[in-house]
Amino acid sequence: MTFKKIIIAPFILLIRFYQGAISPFLPSACRYTPTCSQYTIEALQTHGLFKGGWLGIKRIVSCNPWGGRGYDPVPERKCRHNH
């Protein structure tokens, strides 16, 4: 297991707990595809704790009647070239 995976594992575990134990008992309210919880997991896996966490927080904050809606995938990771 890589260091990145070890660092993000507790956060993903919390989100998975929410998805399985809490979300099924709440009315469906997410305005996006993928859902905000799935988006945050993907963002953490793609971008790591800080950038992925920031992307997840931004998404959750924008998921309201005055925010956005529709298909909004996690942005791809930018390649860094050493020149």
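Here, each number is a calculation from the coordinates, and none is a lab measurement. It should be emphasised that the depicted structure is a prediction, and the values quoted were computed from it without experimental measurement. With ideal geometry, Cβ positions are generated from the backbone for all residues, glycine too; neighbour counts draw on all protein chains shown.
Residue check: is residue 37 touching a residue at least 12 places away in the same chain (Cβ under 8 Å), farther than 19 Å from residue 2 by Cβ and of a type in the set (S, T, N, Q)? If you could, list the steps in order and put the result at the bottom.
On the way: touching a residue at least 12 places away in the same chain (Cβ under 8 Å): yes; farther than 19 Å from residue 2 by Cβ: yes; of a type in the set (S, T, N, Q): yes.
So residue 37 passes the test.
Report, by residue number, each residue of segment 19-74 that is polar (S, T, N, Q), crowded, with 17+ Cβ neighbours inside 10 Å and outside any helix (DSSP H, G or I).
Passing the criteria: only 35.
Given the structure, is residue 12 touching a Gly at 6+ places or on another chain (Cβ under 9 Å), surrounded by 12 or more Cβ atoms within 10 Å (Cβ to Cβ), β-branched (Val, Ile, Thr) and without any contact (Cβ under 8 Å) to a residue 40 or more places away in the chain?
On the way: touching a Gly at 6+ places or on another chain (Cβ under 9 Å): no; surrounded by 12 or more Cβ atoms within 10 Å (Cβ to Cβ): yes; β-branched (Val, Ile, Thr): yes; without any contact (Cβ under 8 Å) to a residue 40 or more places away in the chain: yes.
For residue 12, the condition - touching a Gly at 6+ places or on another chain (Cβ under 9 Å), surrounded by 12 or more Cβ atoms within 10 Å (Cβ to Cβ), β-branched (Val, Ile, Thr) and without any contact (Cβ under 8 Å) to a residue 40 or more places away in the chain - is not met.
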